[in-house]
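Inspection log for the structure reproduced underneath, given as structure tokens.
The values are calculated or read from the model by the stated rules, or taken from the named source; none is laboratory data. Only a predicted model underlies this, so the values are computations on that prediction, with no experimental measurement involved. Here Cβ is always computed from backbone atoms with ideal geometry, including for glycine, and neighbour counts include all displayed protein chains.
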Amino acid sequence: MTTPATLPAPDTIAQQHSEQLLSLIHDEIDRAGGKITFAQYMHLCLYAPGLGYYSAGSQKLGQHGDFTTAPEISPLFSRTFAHHIKDVLQQLDTPNILEFGAGSGKMAATILSELADNNCLPEKYYIIEVSADLQDRQHRTVQELCPQLADKVVWLSQFPTDFVGVVLANEVCDAMPVHIVHFKQGDIFERYIERGNGALQWCDAELSHANLASHSAEIQNLIESDYLTEINLAAEAWLHTIADNLQQGAVFICDYGYPKADYYHPQRSEGTLMCYFQHQAHADPLILQGLQDITAHVDFTLLAQTASDNSLDVAGFQSQADFLLAGGIVELNLAENLDDFAMLQQASEIKQLTLPSTMGEKFKVLTLSKNLDQLLARCQLADRRYTL
């Protein structure tokens, strides 16, 4: 394994772990006849049982991990989210919440506590989590932060049928395996991973899925030649499953990304793929297998179109800043009786969550609904559905 000089070198145990996963990837490439799609490769790097980034036991979140999410920055993020959730739960007879990929569990614990304070608790708070390590951490976090509500939390392995309630997906779609397509001199190729020269390397070949062809034809009208980009078929399938099984309620998708016209901008001719290792970002996914996070920005137009095609209403599309302001993050801050130091710290957290130069503009929230009698008024503040 060769790590760029700008990145910290993994320790011996981590390197051995990575080499085990690399050996598994080599076997998969050989079994597939010499190459695998990037989506297959990304799936192995992130989710291979016992070896993938999210299925192994290393710490991923916070100061000692590789990245920090909004719920880790400040409880105000989740408390504000709870107010949007309350707007939905109040319209339902037997409401539940389901969170995908609940991280450390702080978001779940904080939302439950805020809803309890507002007399609007769900029947159950379900979590779907692929990482056994994170599932254990979530259980401990809930027990620590809101033990009186711990019996509300239930872990599931798949989305339930006839679900009534709110679905939360905070930084979920960006971690789904993506296909990479290469537009070159009028032709469309898919990028694969193969073995060569003692390391993994890229190669171009035919598209692996029919759906990629239809998506690529649409993208080709937006770009110039010699352009690399990602197509997230997994997010499409995921949202299709939610739409099929959501009887009534809403879906909140919070992630970094763009509407289609911005996603396929000329300045993104190399795609949006990024890797994170010990809080350092770089663009080489062919190293540090199992030790680094691999992500791609979200095409929110694709998600909105998929939702609309599957009987979900697109109820709002906002920047994270506008979503949090609509949910009352400033009012929550002012209502607390804080000393000067705590007030300054909380003000700093709000800035990190809302300023355009930090997370406020980079992250967006797509709100989807089904069979709700009332509009979600908070989602109308600075609504950007016209950009989708």
If I ask for residues that are part of a helix (DSSP H, G or I) and out of contact with any Ser or Thr (no Cβ under 9 Å at 6 or more places or on another chain), which ones from the stretch 149-159 would you list? Ala150, Asp151, Lys152
When you go through (1) out of contact with any Phe, Trp or Tyr (no Cβ under 7 Å at 6 or more places or on another chain); (2) of a type outside the set (Gly, Ala, Ser); (3) in a helix (DSSP H, G or I) one by one for Val164, which number turns out not to apply? (3)
Need pairs with beta-carbon distance below 9 Å; first residue touching a residue at least 40 places away in the same chain (Cβ under 8 Å) and within 17 Å of Leu212 (Cβ to Cβ) and within the stretch 15-44, second of a type outside the set (A, V, I, L, M) and assigned to a helix (DSSP H, G or I); sequence gap 6+ or separate chains. Ile36/Glu28; Gln40/Glu28; Tyr41/Glu28
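Condition check ((1) surrounded by fewer than 14 Cβ atoms within 10 Å (Cβ to Cβ); (2) of a type in the set (A, V, I, L, M); (3) closer than 27 Å to Lys364 by Cβ) across all residues:
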residue	(1), (2), (3)
Gly165	no, no, yes
Pro177	no, no, yes
Arg191	no, no, yes
His209	no, no, yes
Leu212	no, yes, yes
Asp226	yes, no, no
Ala234	no, yes, yes
Looking only at residues that are at pLDDT 95 or above and over 18 Å from Pro75 (Cβ atoms) in the stretch 128-151, which one is surrounded by the most Cβ atoms within 10 Å (Cβ to Cβ)? Ile128
Subset of the stretch 237-296 [free of Cβ contacts under 8 Å to residues at least 12 places away in the same chain and under 15 Å from Glu171 (Cβ atoms)]: Ala281
Scan the stretch 108-144 for residues that are assigned to a loop (DSSP other than H, G, I, E, B) and in contact with a helix residue (DSSP H, G or I) (Cβ under 7 Å, 6 or more places away or on another chain) and jot them down. Asn118, Cys120, Leu121, Pro122, Lys124, Glu129, Val130
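Here is a yes/no grid of residues against (1) touching a Phe, Trp or Tyr at 6+ places or on another chain (Cβ under 9 Å); (2) modelled with pLDDT under 90:
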{"site": "Arg31", "(1), (2)": "no, no"}
{"site": "Cys45", "(1), (2)": "yes, no"}
{"site": "His64", "(1), (2)": "no, yes"}
{"site": "Ala70", "(1), (2)": "yes, no"}
{"site": "Ile73", "(1), (2)": "no, no"}
{"site": "Leu76", "(1), (2)": "no, no"}
{"site": "Thr80", "(1), (2)": "yes, no"}
{"site": "Ile85", "(1), (2)": "yes, no"}
Selection count where residues are in a strand (DSSP E or B) and either of a type in the set (Lys, Arg) or closer than 24 Å to Gly50 by Cβ (or both), scope the stretch 273-286: 3
Tell me, which strands (runs of 3 or more DSSP E) wholly within the stretch 169-269 include 1 or more residues that are modelled with pLDDT of 95 or more and in contact with a Ser or Thr (Cβ under 6 Å, 6 or more places away or on another chain)? 179-184, 187-196, 227-231, 246-258
Considering every residue within the stretch 345-357, establish whether at least one is of a type in the set (Ser, Thr, Tyr) and under 25 Å from Leu239 (Cβ atoms). no
For the stretch 201-214, does any single residue satisfy the condition of being of a type in the set (Ser, Thr, Tyr) and in the same structural domain as Gln40 (by TED's automatic domain parsing)? yes
